[in-house]
Amino acid sequence: MSNVTLVGTDGVTPVGVQANPLPIAGSALPVGATAVTASSGNVANGAAVATLPGVVGQTTYITGFEITAGGATAAALVAATLSGIVGGTATYIFAAPAGVAVGAAPLVVQFAQPIPASAANTAIVLTLPALGAGNTNAAVVAHGFQQ
């Protein structure tokens, strides 16, 4: 969306008003928004979960997330899910390589436009399931804002 420029009462001084209250990638938060970040911390062969909480009277938006992990005894493909978003749950395939000391390729997602929760006061949850025997490191991080 484009910006609209209003001119002040002096007829010269511009007063900027952004027509789209949601930021695009790389821009600041909307006026009045509160940044939120959630992390699972390190998880060993268990579900890694990051939750952006819901807030009464506000909508939570996700702007992106990261999934990082080490390998497991056997290679595995798992379905990471992003739930609580408008349009329903989104699924992302994540690959854990064979080898407990081998790093997995990180999955880094930055949305072009923030994705809102399905309703006000609704949490957005990023879940990476267990990667299998021998896995000692997995973590997810989600970031966004509430408005």
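Restricting to the stretch 129-147, name every residue that is closer than 30 Å to Ala74 by Cβ and either out of contact with any Leu (no Cβ under 9 Å at 6 or more places or on another chain) or not aliphatic (A, V, I, L, M) (or both). Residues satisfying the conditions are Pro129, Ala130, Leu131, Gly132, Ala133, Gly134, Asn135, Thr136, Asn137.
Within the stretch 114-147, the set of residues being more than 17 Å from Val49 (Cβ to Cβ) and touching a Phe, Trp or Tyr at 6+ places or on another chain (Cβ under 9 Å) comprises Pro114, Ile115, Pro116, Phe145, Gln146, Gln147.
Restricting attention to the stretch 82-110, the residues being surrounded by 12 or more Cβ atoms within 10 Å (Cβ to Cβ), in a strand (DSSP E or B) and among the polar types (S, T, N, Q) number 1. Summed over the stretch 44-83, the residues that are in contact with a Gly (Cβ under 6 Å, 6 or more places away or on another chain) and among the acidic types (Asp, Glu) give a count of 0. Looking at this structure, is Gly64 out of contact with any helix residue (DSSP H, G or I) (no Cβ under 8 Å at 6 or more places or on another chain) and outside any strand (DSSP E or B)? No.
Residues that are in contact (Cβ under 8 Å) with a residue 40 or more places away in the chain and of a type in the set (Phe, Trp, Tyr) are absent from the stretch 85-96.
None of the figures in this text is laboratory data; all of them are computed from the coordinates on show. Computed from a predicted structure; not experimentally measured. Every residue, glycine among them, receives a Cβ derived from its backbone with ideal geometry; neighbour counts consider all protein chains shown.
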